[in-house]
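What follows is a short report on a single structure.
The values are calculated or read from the model by the stated rules, or taken from the named source; none is laboratory data. Quick caveat: nothing in here was measured; it's all calculated off a predicted structure. Here the Cβ is made from the backbone with ideal geometry for all residues, glycine too, and neighbour counts use every protein chain on show.
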Amino acid sequence: MNKMHAGCGELRVSIGDIVISVAGDNIDSSRIDNAYRAFITESIPEVRLKLHYQRGICQTKSRGERVFDSSGGWSMFKRNGSYVIKTTSGEAVLDSGFQSGDIYLEEEEEQAGLFLSYPMDELLMINLLAGQRGVMLHACGVKYRGKGIVFAGISGAGKSTTANLWKTKKDAVVLSDDRVIVRKINSQFYLYGTPWHGDALGFSAQRAPLEMIFFLKKAINNSTEVIAPVDAASRLIVHSFAPLWNKIGTEFTLDFCAELFQKVPAYELSFLPDESAVDFVRSKL
């Protein structure tokens, strides 16, 4: 990785084995969020971005045709073959493959040391994965004795509880308690951690072969029920981040989820939110 120096620098992070380079003024690795530091790498980047700080981003020229409005602080536009992502803190202008472009942040963001701010970072990854690379899931991911386990669930289903139960266990690593990535590499599905954690503050740059997927359901005892592949794919789609603004990317996400369960078993996990749930899951491995 290029050495940092006054006025200019470069930062590279590897998330889901996708290496992203951000270069620009005053990038300082010592100021970024601890979660991101775990993903710093010196590998050759697949994605190259330039960062600019400026005042009055909202005054920039037309962003083109609006293709999606989240109603939650960000919108996406298409202009001359490029995509423009507008958030409350900045704007990104990216090529059609999301592999190069420019990020513009308001000047005040510079003091916070931000180089990819939410939701810009996650939106970038969602689009990169949709380009035949994989999917991001709203789920907790655990690596236990080299095996990857996904615990999927809506908010309140028990992802943070599950992460807190596992993170003190020997031979276990919480890859993330809120966002994980699944990719297929040479016919093997792998589970990756991300820096985008939840309340349990679980994150890791490690990966593991994906062994099982559990759909969480709090209960008064621990039990599992096998879910058929077709039903499992339908349920996982609810927990995936499909690029709804991109028909081809959305179709890839749907096909990926269907293919995943031809190799990876799925279960509904009714669990008691205490230590017994961990022992119960370990007995299934």
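Checking each residue of the stretch 163-170 against the condition of being surrounded by 19 or more Cβ atoms within 10 Å (Cβ to Cβ) and either of a type in the set (Val, Ile, Thr) or at pLDDT below 95 (or both) gives no match. Of all the criteria given as (1) without any contact (Cβ under 8 Å) to a residue 60 or more places away in the chain; (2) in a strand (DSSP E or B); (3) out of contact with any Phe, Trp or Tyr (no Cβ under 8 Å at 6 or more places or on another chain), the one not satisfied by residue 155 is (2).
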